[in-house]
Amino acid sequence: MPFIRSTLRSALMLVPACVFLLSSCSSSTMSLDASGTVEGRYAKASEYYIKEDYDDAALELEPVIFTSRATALEDDVLFLLGQSYYKSKQYLLAVDMYTRLLQQVPSSPMARQAQFQLAKSHERLSTHFELDHEHTVKAIQQYALYLEIYPGRDSTQISSDAEMYRELLKVNPDNQSYKDKYALVQEELKSGQSQSYAENAIRSLREKLAKNTYFIARQYIQLKKYKAAGIYYDEVIKRYPDTGYSEQAWKGKIDVLIKRKKWFEADQTLDRYLQLYPDKQNEMQNTRDRIIKNFSNA
């Protein structure tokens, strides 16, 4: 049994490069059998998974979700089933399995990767920017939680440490302390890949949410519902100032206020816009002149 589980761990470590090395599985000395027991089904599912037969792996594990509770294989079953669903693009089912693992076995050595895979499953379920964004929001939340629970050192410092121990091993290749520390730094580098992925994913997903809100504002413009459009421009400005749609929302808000003949508010908004984007002074000069002219005549 330990050999089968060790082999499976090796195979799972080859899933997408952004995923870090798996921790060693929970200890178990259960014997293998070919019956319908937890041990037998897990062993068979492991073989299917290694062969990339993810549907059959899931079929082997589904009947023992509950019978594996409070056993040494509980987290193994949930994680392997989650991975099987994920690899077969059944992301909602994967979400369920990763969530169960985190709730039922929070101390599992697989908890870290389960948290990452949970976020990634929600990301896969994130829809086109014009549609519902329940999973987009959940993906951001789960990636943020992952980064909070598993913070990492600065990648530059980690790389520097890796280079230092690499050079020390050239001088003294038999030094066990250097070997151990170099191995730890290498694993830290791999973990950093998942942290970098999470940070980039959050930025990308927030961009999608900003785009969704911005285009709702544009739709209200087409309907000539300018007050409603202004509300959505404000939403982009307030909630997504770090995205590429923030500047466009400021311009949209100014335009909406002009259309509504709110000259004083338009002038104030233009001032705030130029404080944020001072290089746009010349570009916005005609808008400034139009506001001043109409404000003076109001």
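The values are calculated or read from the model by the stated rules, or taken from the named source; none is laboratory data. As the structure is a computational prediction, the values presented were derived from the model and not from experiment. Every residue, glycine among them, receives a Cβ derived from its backbone with ideal geometry; neighbour counts consider all protein chains shown. Each accessible area value is taken on the protein alone, full model and side chains, heavy atoms only, with ligands, DNA and RNA left out. Shrake-Rupley method; radii C 1.70, N 1.55, O 1.52, S 1.80 Å.
Can you name the helices (runs of 4 or more DSSP H) wholly within region 200-298 that have at least 3 residues being open to solvent by less than 30 Å² (accessible area, probe 1.4 Å) and at pLDDT 95 or above? Steps first, please.
Details: elements: 226-239, 246-259, 263-276, 285-297.
In region 200-298, the matching helices (runs of 4 or more DSSP H) lie at 226-239, 246-259, 263-276.
Gln113 - would you say it is under 9 Å from the mean Cα position of the chain (by Cα), open to solvent by less than 50 Å² (accessible area, probe 1.4 Å) and of a type in the set (S, T, N, Q)? Taking the combined requirement at face value, the residue does not satisfy it.
Here is the figure for region 103-144: residues that are outside any loop (DSSP other than H, G, I, E, B), under 18 Å from Ala198 (Cα atoms) and in contact with a helix residue (DSSP H, G or I) (Cβ under 7 Å, 6 or more places away or on another chain) total 20.
Taking each residue of region 29-51 that is assigned to a helix (DSSP H, G or I) and looking for partners that are open to solvent by 60 Å² or more (accessible area, probe 1.4 Å) and modelled with pLDDT of 90 or more with beta-carbon atoms closer than 6 Å, six or more apart or interchain, yields Val38/Thr67.
Within region 239-260, being over 17 Å from Tyr277 (Cβ atoms) and of a type in the set (D, E, K, R) holds for Arg239, Lys259, Arg260. Among the residues of region 86-102, those identified as assigned to a helix (DSSP H, G or I), of a type in the set (Ser, Thr, Tyr) and open to solvent by 10 Å² or more (accessible area, probe 1.4 Å) are Tyr86, Tyr91, Thr99.
State yes or no: is Leu189 open to solvent by less than 90 Å² (accessible area, probe 1.4 Å), modelled with pLDDT of 75 or more and within 29 Å of Arg206 (Cα to Cα)?
No: the conditions fail for Leu189.
Is one or more of the residues making up region 126-135 at pLDDT below 85, buried (at least 16 other Cβ atoms within 10 Å of the Cβ) and more than 20 Å from the chain's Cα centre (by Cα)? Checked region 126-135: no residue is at pLDDT below 85, buried (at least 16 other Cβ atoms within 10 Å of the Cβ) and more than 20 Å from the chain's Cα centre (by Cα).
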